[in-house]
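Quick note: the coordinates plus some simple rules give every number you see, no bench work behind them. Note that this is a predicted model, so its numbers are computed, not measured. Here the Cβ positions follow ideal geometry from the backbone for every residue, glycine too, while neighbour counts run over all protein chains shown.
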Amino acid sequence: GLKKAQQTQDPLDPERAYNIRRSLQAIESVSNWLADVQGRRKALLFFSEGFDYDIYQPFDLAPESSAIISDTRQAAAAAQRANVNIYGVDPRGLSNFGEMININARSDYPQLDFGNFRGELNELKLAQESLIALADETGGFAIVNSGDVVGGLGRVVLDNSRYYVLGYYSDTKNWNTRFLKIEVKVKRPGLQVRARKGFLPPDP
């Protein structure tokens, strides 16, 4: 019975994956459009509950995971090339853990984490981590599990009002299609630097 339950496919899996891929393709399109704006930092506010598709499952249980991973990389790459910082905003605010605790945790197969508190918590973590990952890869930050969304948006405004644009010439022979890492350091103690982790070569 457990083996049969493990092999059960989620009937909403294709629809969920399709919606996620459409969102990522929209981010890529907006980033490509903003690439024409030169010489300044650009912010993209992404209001979303995140993507709760488990890309870490085996391929037979998550058949769309490879396509979602590819679309995520393309969206992040387009944002990096266009100097677009993505700010993920979860409109749910603080997570209602009290509501999740009331879920009946009894299950015929509790190790599957389906329909119980642990399963709901895993879905929430997956969704929020997707927003955090997109923001981290592009130099922004995510506003998740926060009761002060307005304050978070104020941080976004401040983040895009006070910044330095640093530029340098790189040896293009070493570019190929590799992601080149950047580390920004400051000498003054007590300061925290938030900067892009690197960049990709221009899209030919």
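A few points about this structure:
- Spacing of the two label points (7 Å from each Cα toward its C-beta) at Gln192 and Gln74, in nm: 3.5
- Highest to lowest packing among 75-86, 27-38, scored as the average C-beta count within 10 Å: 75-86, 27-38
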